[in-house]
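The structure appears below as structure tokens.
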Amino acid sequence: MAKDILDGVICDVNNCVYWEEGNRCSADEILIVSHRGTKASTVEETDCQTFERS
């Protein structure tokens, strides 16, 4: 059975179990965390390079 691929999600971590050829992600969901454990104010405070403060 083929895995669903999240559209628009790019992944450079090719040793992750969800990594698929072409830097695609096959995880069911994405979890992004703040380095401080609180609300993030900048992209540098997260592990998400597409973070934009709302």
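Every number in this text was worked out from the coordinates using simple rules, so none of it is lab data. If you're wondering where the values come from, they're calculated on a predicted model, not measured in any experiment. Positions of Cβ are backbone-derived with ideal geometry, glycine not excepted, and every protein chain shown enters the neighbour counts.
Extension gain for ILE10 to ILE30 (0.36 nm times residue separation, less C-alpha to C-alpha distance): 6.1 nm.
Here is the size of the chain from its Cα atoms: Rg then Dmax, 12.9, 40 Å.
Annotation for the chain: trypsin sites (Lys or Arg not before Pro) lying in DSSP loop with at most 16 further Cβ atoms inside 10 Å of their Cβ are LYS3, ARG36, LYS39, ARG53. Among the GluC sites (Glu not before Pro) within the chain, those in coil by DSSP and having at most 16 neighbouring Cβ atoms inside 10 Å are GLU21, GLU29, GLU52. The modelled label-to-label distance between PHE51 and GLU20, using points 7 Å beyond Cα along the C-beta direction, is 2.7 nm.
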